[in-house]
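Down below is the structure, laid out as structure tokens.
The values are calculated or read from the model by the stated rules, or taken from the named source; none is laboratory data. Quantities reported herein were computed from a predicted structural model and do not represent experimental measurements. All Cβ positions, even for glycine, are placed from backbone atoms using ideal geometry, and neighbour counts span all protein chains on display. We work out accessible area using only protein heavy atoms, side chains counted, and drop any ligands, DNA or RNA first. Shrake-Rupley method; radii C 1.70, N 1.55, O 1.52, S 1.80 Å.
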Amino acid sequence: MSSTFNKPVLRGKFPSNVPLAALLKLNSLLNKSIFSRKFYQEINDKVLSSTATVDRNLYFICYFTLLLSSVLNNKPQIKAFLAKQRYNFVRLINSSFRNYLGTDLSKSSNKFWASTFDETPPPPPPTLVADSTKEPVSKLAVHLKAISSYLSDIRIFARLTDSIKYVPWIIDEYRALVTPGHKVPKFDRVVNLLQALNCLLLEFLENAGWLTEHNWVGTNDNDWWCMETYIWCSRVWGVYLLVEIIELFRRVPVSKWDKNWRINVFKQVVQMPLVLHWSLYEGCLTPFWVGLCGSGASWWDFKDLWGSIDLS
């Protein structure tokens, strides 16, 4: 018997058409991320180390899961809407060719052009039926919406003590206001103090809404107090955002309206529909638009947070 041990040849482990360079890059990426101690330490130091960074992370995930849930639940309506827009666009192009060139693209001898510009109307969108016994369009959407709702609850709970964090800010702004000869203009100091007081009032109202919603305190009508405090919290938040937008234009000269300034303005403006929605008793936005606006407002901070993770 030969003492040489013949190793079996492994066939089909990797597709033969996968370039070696891609496999090496993948291996390098894995070694810098999930197989690296430094990767987890970076996440701990930059994402999980403070309530502020945790909230920035949950902010985006909360709204993005709601957006995905809404898209999955309304997929038939979205597909019908896109088909209708395509049909309208095709009709517009074809009618322009007929009017100016006398050519009907839908009747072209070329099968590709004929099928592309076919003006057969798409079927109407399916009717939404509000029936609790009806099977949901997407079971995944149900879970994503539950995740979004739970994360929203976690974020508000984590902010129950934020009113304490605002007190030093208020004291600093008050001292700056009463200090004679301060380098900051007096009107700016007044605005800064009012914004700090606004945040404190906002947190008190949000805390009251959450505590009554979860029956941590007893009133003569917790449901009423919960609704009122949440609505007025949103209105106070709306005033804060409006002042922030005005101040971004007033305090920053046009020469400094760079990319960061535009992103900052966008993040404030895109939250205004959310403020309006939650300031009304019946609301005015669907879950899709709530998820879209919230994702837009939180995306930049989420991207910067995870972009700071060092994979070198």
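Compute the angle between helix 139-158 and the longest alpha-carbon principal axis of the chain, please, reported from 0 to 90 degrees and rounded to the nearest 10. Taking Cα atoms only, the helix is inclined about 20 degrees. Adding -39500 (n - 2.57) for every DSSP H run of four residues or longer, then dividing by how many residues the chain holds, sets the calculated 222 nm ellipticity at -23000 deg cm²/dmol.
Put a plus charge on the Cβ of each Lys and Arg, a minus charge on the Cβ of each Asp and Glu, and nothing anywhere else: the dipole of region 152-203 about its Cα centre is then about 180 debye. Just so you know, the Cα atoms of region 149-251 work out to an Rg and Dmax of 16.3, 51 Å.
What is the sum of charges around L68, taking Lys and Arg as +1, Asp and Glu as -1, for the other residues whose C-beta is under 15 Å from the C-beta of L68?
Values: positive: K75, K139, K145; negative: none.
Combined, the nearby Lys, Arg, Asp and Glu give +3.
Under Stokes-Einstein, with the Kirkwood radius over Cα pairs as Rh, the value for region 179-312 at 10 °C and 1.306 mPa s is 92 µm²/s. Remark: region 204-304 carries a charge dipole of roughly 720 debye about the Cα centre, counting +1 on each Lys and Arg Cβ and -1 on each Asp and Glu Cβ. For K186, a cut-off of 12 angstrom between C-alpha atoms picks up these aspartates and glutamates, skipping any fewer than 8 places away in its own chain: E173.
For the set K46/K256; K84/K303; K111/K139; K145/K303; K46/K79, the pairs lying more than 31 angstrom apart at their alpha carbons are K84/K303; K111/K139; K46/K79. In the full protein context, region 222-312 carries 58 Å² of accessible surface per residue, based on a 1.4 Å probe and ignoring ligands, DNA and RNA.
The share of Cα pairs per 10 Å bin across the chain, counted from zero up to the longest distance, runs 5, 15, 22, 21, 17, 11, 6, 2, 1, 0 percent. Using Cα springs under 10 Å in a Gaussian network model of the chain, which residue among V54, V90, V265 shows the largest mean-square fluctuation? It is V90.
In this structure region 144-194 gives 67 Å² per residue of accessible area when probed at 1.4 Å with all protein chains present. Per-atom-type breakdown for the chain gives carbon and sulfur 65% of the accessible area (1.4 Å probe, protein chains only).
Taking Cα atoms only, the orientation of helix 37-46 departs from the longest principal axis of the chain by about 40 degrees.
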